[in-house]
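All remarks here apply to the structure that follows.
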Amino acid sequence: MRPIFRCLALLAAVVVLPAFLQAQAVQPDPQQREWKASWISHPTVPLKDVAVLHFRRALTLDKVPASYPVRVSADNRYVLYVNGRRAGDGPARGDLGHWRYELLDLAPLLKPGANLITATVWNFGIYAPVAQFTDRTAFLLESEAAGATGISTPEGWQVELEPGQRPVPRVANGFYEYMASGTGEQLDAASYDWSWQDPAANGPAWVPAVSPMRESIFPSSAHAESALASDSPNFWGLVPDRLPPMEYAPTTPGAPVRADLAALKAFPASATTVPASSHVHLLLDRKALITAYPLLTVSGGKGSRIRITYSEALYDKDQHKGDRDEVADRHSIGISDIVLPDGGEHRAFETLWWRTWRYLDMDIETAAEPLTLDSLEAHFTAYPFQEKAHFEANDPDLAKIWEVSWRTARLDAHETYMDTPYYEQLQYVGDTRVQALISYAVAGDDRLARQAMEAFDNSRIPEGITRSRYPTMLPQNIPTFSLLWIGMVRDWWMYRPDPEPARDSLPGTRAVLGWFAKYEQPDGLLRKLPWWSFVDWVGEKQEIPTYSANGESCATTLEYLGALNDAADLEKALGDPVLAVRYTERAAHVRSGIYSQCWDAAKGMLADSPDKNIFSQQSNILAVLYDVAPKERQAPLLEQLTAMEPGTSPNGMMSASYYFRFYLSRALEHAGLGDTYLRSLDPWRKLLPLHFSTWPEVPGDTRSDSHAWTAHPIYDLLTLVAGIEPASPGFATVRIAPHLGALPSLTASYPHPEGPITVAYKRQGSGLNATITLSGKLAGTFVFNGKSWPLNPGLNTIEAR
């Protein structure tokens, strides 16, 4: 946990970033620039092992400048302070060849006279999150100010090792789940340097900071360099962080729902004391999941031990979840922090990295002294998306589905998208494609999606395909996710006004499809691919694809077909029209092969392999979406499949997960069944009585309670039900084709780059009254019951009969 040295004058820990900083986040430095600072570290601490370091630098100013810009980075992470107040944190995760730095303006925190600039930098070594790349523990700061008012590293910087702060390794305690997000933290207050933010403190632990490049004899080896530098002397290729600062705002940590001691029921609303020689629990419930930095302040209690456990839900004796509101005899399991008080007054501890919880459990053991719990605060953190879209209909379930979907999307978006904020915190292609579309449709914000698209392109291995997740120090290859990345690039081209990121991705899309071409058989089907060709979960220990006796799969080939279609569109518009023709021809051959080898005429559906012994909802969804299934069979086929419950296999037919029903929504629209979409939301409606505040990863006894790929209904409600979708690349024109199902009316708004699109629909018998407002110069078409009407900029009123 991160202790904060605080006195009454420094109680304001949250800094509202000035307009200058936000502007710089939008328009950062060029990709290449000349650096004048060098990396620094501790002279003797092992630089690739666990370490928490404090850095400091004095700065004297005659007067406070209008702005004081600095560029800051670290390996692994930093929190920067000015005069004891938090100024920023980072760096946003990347790889060593794309190591990010933040541009911060320190002027609002400076004062005339003496100032102290400090930073905590940490590296948890083998306990670091799987998403975290690293070379060695180091810090970098460059100020635009030079001379007597400059503070660029290394000149004048000191460093000390912080022995009181360590990671908490996971132990074999019977709770076995894949945990990639890193460990908890232990704070031993008796060993901690509580004076490190005090300008007057000058103990022997403080030493001059030095170059971290111990293996090099050259003084310039620590000099900072941009990623595009021709001969970088160290491992960090610096690139500016294009993202805005993550949110850091007060929120509630939760309220007591179970306490062993009556006095604890008043906490954290007010301070309370735990008697000496006691062992008590306090369980807090926020009612909704959060990603936040917890901050606990305690006094006294020397020799005490506080274990704080964070849970998405509570577990019964068999480690099963149920109704997420249920407390009873259930208990908290998961990531924990440990605080060891030293008896001091008002010791404030905040974690270095944020935690995810609905339930927070405090297990408190006191020794010979009573322990006072002064306060427990929390600061929400996530990517600063703003909810600009809205959807309102006369259906309370839809309002709740929207709310839970948006919360899920928000908590799974930080400096990267994340599949789950609790267990993994990894950016996967399959999840991220859905998340990016939600970001476009609800927030009108594409900055995080662009970062993700570029990260996957940067992850491509020499063979040509992307990694399945990135950034990550633990490589994983899911070749089928590379195909979905091509779809993500096409999504950008259709939804966002700037085509250049899609154009820049074309060499990568060509490399991916070139790799897949090696596995395309003469009949057009793909043979079994190396690594893990994940398409979807089905049930426990079941997944798609499956293969025929000769190793061919219709499911993977269908995703290949979709990528060929997407790539052909991209090449025709942005790249090589000859290649577009080749992709179109390959797609036609692949489509023909899938149909001839896998279509079962007797069943009227597509099999998962040419053996025709396994059938899945997933393959048939894609067969409709990519027109492998005959047009006349598409609607009957989907009507047969839509009612299947996720996670089941009725009559041996494998069902689509919550995630893959995103593609079901697209197939329903493609087959002219958009008005049945609202019925397909029944699996989400059935989750509401279980009081999920975010959507689970899979049906049943799910591991993750917050998985972004299950949040796609919020996108579907805007694009399929309200019917607002791009009609041409860059969303230059709009097509509005509502599918209200049984809804009598609805209103919605969509944050288009030209300004909001607003719609209001009201049924009139079999017809529809529509009021549509388009911002700027946007124009398009309204479609209802097979008829179309032109839409012009401004107000449009249509009586569709």
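Brief remarks on what is shown
- Residue check, ARG258 on the phi < 0 side of the Ramachandran plot, assigned to a loop (DSSP other than H, G, I, E, B), over 31 Å from the mean Cα position of the chain (by Cα) and of a type in the set (Lys, Arg): no
One line per residue, one yes/no per condition, for (1) acidic (Asp, Glu); (2) buried (at least 21 other Cβ atoms within 10 Å of the Cβ); (3) under 20 Å from LEU717 (Cα atoms):
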residue: LEU398; (1), (2), (3): no, yes, yes
residue: GLU403; (1), (2), (3): yes, no, yes
residue: MET418; (1), (2), (3): no, yes, no
residue: VAL429; (1), (2), (3): no, yes, no
residue: ALA449; (1), (2), (3): no, yes, no
residue: ALA452; (1), (2), (3): no, yes, no
residue: PHE456; (1), (2), (3): no, yes, no
residue: GLU463; (1), (2), (3): yes, no, no
residue: ARG467; (1), (2), (3): no, yes, no
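- When residues of region 265-287 are limited to those that are hydrophobic (A, V, I, L, M, F, W, C) and crowded, with 18+ Cβ neighbours inside 10 Å, the one farthest from the chain's Cα centre (by Cα): VAL274
Matching residues to (1) over 30 Å from VAL339 (Cβ atoms); (2) in contact with a helix residue (DSSP H, G or I) (Cβ under 9 Å, 6 or more places away or on another chain); (3) among the hydrophobic types (A, V, I, L, M, F, W, C):
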{"residue": "ALA87", "(1), (2), (3)": "no, yes, yes"}
{"residue": "PRO91", "(1), (2), (3)": "no, no, no"}
{"residue": "TRP99", "(1), (2), (3)": "yes, no, yes"}
{"residue": "THR120", "(1), (2), (3)": "no, no, no"}
{"residue": "TYR127", "(1), (2), (3)": "no, no, no"}
{"residue": "VAL130", "(1), (2), (3)": "no, no, yes"}
{"residue": "PHE133", "(1), (2), (3)": "no, yes, yes"}
{"residue": "ALA138", "(1), (2), (3)": "no, yes, yes"}
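- For region 365-383, the count of residues that are open to solvent by less than 20 Å² (accessible area, probe 1.4 Å), over 23 Å from ALA119 (Cα atoms) and out of contact with any Pro (no Cβ under 9 Å at 6 or more places or on another chain) is zero.
Here is a yes/no grid of residues against (1) among the hydrophobic types (A, V, I, L, M, F, W, C); (2) in contact (Cβ under 8 Å) with a residue 24 or more places away in the chain; (3) open to solvent by less than 20 Å² (accessible area, probe 1.4 Å):
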| position | (1), (2), (3) |
| --- | --- |
| TYR101 | no, yes, yes |
| LEU106 | yes, yes, yes |
| ASN115 | no, yes, yes |
| GLU142 | no, yes, yes |
| ALA148 | yes, yes, no |
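- Count of region 637-658 residues which are within 19 Å of GLU669 (Cα to Cα), open to solvent by 50 Å² or more (accessible area, probe 1.4 Å) and modelled with pLDDT of 85 or more: 2
- Out of GLY94, GLY88, sole residue that is part of a loop (DSSP other than H, G, I, E, B) and either more than 15 Å from ALA128 (Cα to Cα) or not basic (Lys, Arg) (or both): GLY94
- From TYR560, TYR583, residue being among the aromatic types (Phe, Trp, Tyr) and in contact with a strand residue (DSSP E or B) (Cβ under 7 Å, 6 or more places away or on another chain): TYR560
- First in region 253-281 and at pLDDT below 95, second anywhere and part of a loop (DSSP other than H, G, I, E, B) and surrounded by 17 or more Cβ atoms within 10 Å (Cβ to Cβ), Cβ under 7 Å, 6 or more apart: none
- Condition check for ALA172: part of a loop (DSSP other than H, G, I, E, B), within 30 Å of ASP318 (Cα to Cα) and at pLDDT below 95: yes
- Evaluating THR356 against the criteria (1) open to solvent by 30 Å² or more (accessible area, probe 1.4 Å); (2) of a type outside the set (Asp, Glu); (3) touching a Phe, Trp or Tyr at 6+ places or on another chain (Cβ under 9 Å) leaves one unmet condition, (1).
The values are calculated or read from the model by the stated rules, or taken from the named source; none is laboratory data. Note that the structure is a prediction, hence the values are computed from the model and not measured. Virtual Cβ from ideal backbone geometry, glycine too; neighbours counted across all protein chains shown. Side chains are part of the model used for accessible areas, which takes the heavy atoms of the whole protein and leaves out ligands, DNA and RNA. Shrake-Rupley method; radii C 1.70, N 1.55, O 1.52, S 1.80 Å.
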